[in-house]
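Each reported figure results from applying straightforward, stated rules to the coordinates on display, with no laboratory input. Since we're looking at a predicted model, the values are computed, not measured. When we count neighbours, we look across all protein chains shown, and the Cβ atoms used for this are built from the backbone with ideal geometry, even at glycine.
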Amino acid sequence: MIKTSKIAIAAVAAAALAAGCDDNTTTTPGSDTNRYYVQIERLGNPLVSEVTFAKRDHGHHNSTGPSTDVANFTDDLTGFVAAFGRSAMVQNTLAAVLLPDELVVDTSKAPGTSGWLSWALASGYGGRNLTDDVVDAACAAVFGSLLDPNNTIPCLTTDNVSANDVAFSSTFPYLAVAH
C-alpha cells in the first residue's frame with residue numbers, strides 16, 4: 001500500500017510538471033502581463049550627478065529620465081563649473097555635452113573611434129571603452145585647459161588612479177573578478 005501511494009504521488013507530480021511544460025503563451029484571465037521596473041541609478045556620464053549636482057538632487061535625477069535633464073539640471077551643472085571660476089563658454093559646453101546624462105553611440109561612425117564623449121568632441125562613435133579613464137577626462141574638461149586655458153586648476157585634473165591592477169579578460173564579461 002505504501003509503495004502504491006508513493007508511485008501514485010510520483011505520477012501526479014510528473015503529470016503536474018508535464019502540464020506546466022508546453023508552448024502555450026496565453027495567460028490566465030485577469031493576470032497582469034505588464035512588467036514594472038524601478039530605475040535605481042542613472043550613471044551614463046561619470047561625475048554628472050555625483051559631482052555637479054547637489055546631493056539632495058541625486059534622488060530626483062535617478063527617478064527621472066534623460067528627457068528632463070536639460071530643464072532640471074543645467075543650472076546645477078553650470079553653477080558647479082562657475083563656482084570654480086570657469087568661463088560661461090566652459091559651463092555651457094559641458095552642459096551641452098553632458099546633458100542629457102546618457103551615453104551616445106553613433107553606429108554610423110567607425111567602431112575604432114569609440115570612447116567616452118568621442119561623439120561630441122571628435123565626431124567619433126561614442127560609448128565607453130573599458131580602458132577609458134572617464135574620471136580623469138571629466139576632471140580635465142572641467143578643471144583643465146581642454147576647453148579653455150584660463151582659470152584652470154591643475155591639481156584637480158586627475159584622480160591620481162593609474163591603470164587597472166588586473167588585466168581585462170578577452171571574453172565576456174571582460175572585467176576581472178573583484179578583489
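One table, with the values for the structure above:
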| item | result |
| --- | --- |
| Fewest-first ranking of 36, 174, 125, using other Cβ atoms within 10 Å as the exposure measure | 36, 174, 125 |
| Simple label model, 7 Å out from Cα along Cβ direction - residue 60 to residue 151, nm | 2.4 |
| Exposure proxy ranking, count of Cβ atoms within 10 Å, fewest first, for 161, 104 | 161, 104 |
| Relative contact order [Cα under 8 Å, 6+ residues apart], region 74-132, whole percent | 24 |
| √(5λ) per eigenvalue of the Cα gyration tensor, region 48-156, largest first, Å | 22, 19, 12 |
| Exposure proxy order (Cβ contacts within 10 Å, fewest to most) of 77, 117 | 117, 77 |
| Charge tally in the Cβ shell below 11 Å around residue 117, where Lys, Arg are +1 and Asp, Glu are -1, residue 117 excluded | 0 |
| Over region 48-156, relative contact order from alpha-carbon pairs under 8 Å, at least 6 apart, % | 20 |
| Rounded FRET efficiency, nearest 0.05, which uses the C-beta distance separating residue 102 from residue 72 and R0 of 22 Å | 0.95 |
| Label point distance in nm, residue 164-residue 36, each placed 7 Å from Cα along Cα→Cβ | 3.8 |
| Cα→Cβ-extended label distance, 7 Å offset, between residue 129 and residue 113, nm | 1.4 |
